[in-house]
Amino acid sequence: LTLERTNFSASGLIDEVCDILAGMAEGRAVSLLCDYGDDSVDKTISGDRKKLLQALINLVGNAIKFSPPASAVRIRVEAQRHGGSGVLSIAVKDQGPGLAGSQLERLFEPFYQAESAQKSKGFGLGLASAQYVVAAHGGVLYVSSTGAQGTTFAMQLPI
């Protein structure tokens, strides 16, 4: 994977994702809520903006797709600095049906679709692709699910 690195704003990236997916969210009666965290912390990303944009579109699009009507998808950005290095976390939380532990173990495998996703359109490549892009940036993509309270995907990128 070849990365075309530039420096860009995390909040600008999130804003673009929300602009792109606003119609989809509105069509499903799902609200997109963004929390940019503490403004005093630098949230500049050095990476391939197009590839990270696509990874976030995959995560937020899935969250919208699996959220019930009249619910919300929350996108939270947090930066933490420790000495000269830091981590930027972008978390996407839905209010969907959640995932079982056995599904979480396979979620990032290419072509795998969780049982709740098998009736939806797609090939099961979005999450595998997102994980690959995040890893190419030296980051990690995590998933956690709390049953009926939804699922959270969080990408952590070095800053």
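Mind listing just one residue for me: the one in segment 133-159 that is among the small types (Gly, Ala, Ser) and farther than 18 Å from residue 2 by Cα and, of those, surrounded by the most Cβ atoms within 10 Å (Cβ to Cβ)? Residue satisfying both the conditions and the ranking: 150. Taking the criterion of being assigned to a loop (DSSP other than H, G, I, E, B) and open to solvent by less than 30 Å² (accessible area, probe 1.4 Å), the residues of segment 44-79 that qualify are 48, 67, 71. Cβ separations smaller than 6 Å between residues 6+ apart or across chains give the following pairs from segment 46-66 residues that are among the hydroxyl-bearing types (Ser, Thr, Tyr) to residues that are open to solvent by 10 Å² or more (accessible area, probe 1.4 Å): 46/5; 46/7. Scanning segment 22-43 for residues that are in a loop (DSSP other than H, G, I, E, B) and surrounded by fewer than 21 Cβ atoms within 10 Å (Cβ to Cβ) turns up 28, 29, 36, 37, 38, 39, 40, 41, 42. Of the residues making up segment 1-21, just one is of a type in the set (A, V, I, L, M, F, W, C), open to solvent by 70 Å² or more (accessible area, probe 1.4 Å) and assigned to a helix (DSSP H, G or I), namely 20.
The values are calculated or read from the model by the stated rules, or taken from the named source; none is laboratory data. Since the model is a prediction, treat every value here as computed from it, not as a measurement. FYI the Cβ positions are ideal-geometry reconstructions off the backbone, even for glycines, and counts take in every protein chain you see. Ligands, DNA and RNA are stripped out before the accessible areas are found, and what is left, the full protein with its side chains, is counted by its heavy atoms. Shrake-Rupley method; radii C 1.70, N 1.55, O 1.52, S 1.80 Å.
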